[in-house]
1. Please specify each residue of segment 82-105 satisfying the condition of being surrounded by fewer than 14 Cβ atoms within 10 Å (Cβ to Cβ) and in a helix (DSSP H, G or I).
2. Could you say whether any residue in segment 15-34 is under 26 Å from Ala112 (Cα atoms), among the acidic types (Asp, Glu) and open to solvent by less than 80 Å² (accessible area, probe 1.4 Å)?
3. Checking the structure you have, find out if any residue of segment 24-43 is closer than 17 Å to Arg86 by Cα, outside any helix (DSSP H, G or I) and modelled with pLDDT under 95.
4. Does Ser74 count as in contact with a Leu (Cβ under 9 Å, 6 or more places away or on another chain), polar (S, T, N, Q) and part of a helix (DSSP H, G or I)?
5. Looking at Ser90, Ser55, can you tell me which residue is among the small types (Gly, Ala, Ser) and touching an Asp or Glu at 6+ places or on another chain (Cβ under 9 Å)?
6. Among (1) open to solvent by 70 Å² or more (accessible area, probe 1.4 Å); (2) touching a His at 6+ places or on another chain (Cβ under 9 Å); (3) of a type outside the set (Lys, Arg), which single condition is Asp108 missing?
7. Among the residues of segment 35-81, count how many are open to solvent by 30 Å² or more (accessible area, probe 1.4 Å), closer than 16 Å to Ile110 by Cβ, free of Cβ contacts under 8 Å to residues at least 24 places away in the same chain and touching a helix residue (DSSP H, G or I) at 6+ places or on another chain (Cβ under 6 Å).
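The values are calculated or read from the model by the stated rules, or taken from the named source; none is laboratory data. As the structure is a computational prediction, the values presented were derived from the model and not from experiment. As a convention, Cβ positions derive from the backbone with ideal geometry for all residues, glycine included, and neighbour counts pool all protein chains shown. Calculation scope for accessible area: heavy atoms of the full protein, side chains included, ligands and nucleic acids excluded. Shrake-Rupley method; radii C 1.70, N 1.55, O 1.52, S 1.80 Å.
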Amino acid sequence: MMQDNNDLCDVNLIHEDVVRAVRADLLSQPRRERLAEFFKAMADGTRLGILHALSLSEMCVCDLSATLGMSQSSISHQLKYLRQMRLVTSRRAGKAVYYALADQHPGDIIHAGLDHLDEE
């Protein structure tokens with residue numbers, strides 16, 4: 001297979017000042033791994049649907065199931081993962097358990113992604 005060289009420099013020149021400045025602010029390997037896990041959690045269509053719905057309103061599993069057209073078992077399974085990732089929280093009110101985003105960041109990221117898609 002022939003390599004496409006359009007992305008390669010024609011000269012091996014390292015800009016030490018740029019490399020030094022970027023390295024100073026570059027994420028550590030553990031932090032990059034945690035960030036990758038965060039994006040992995042959002043990369044699943046079902047989980048993204050749940051997070052988007054919860055960015056609009058606090059909801060119980062029954063409401064999420066009806067909204068997304070999925071079984072309560074499927075929703076519950078994904079909510080467990082999202083809780084473990086600390087993206088959602090839950091609270092009990094009588095016999096119902098309500099879910100909400102743990103903070104506004106997942107919703108902000110979803111809406112920023114939608115803004116990006118709308119630029120096309």
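1. Result: Gln84, His105.
2. no
3. Yes.
4. So Ser74 passes the test.
5. Ser55
6. (2)
7. Number of matching residues: 2.
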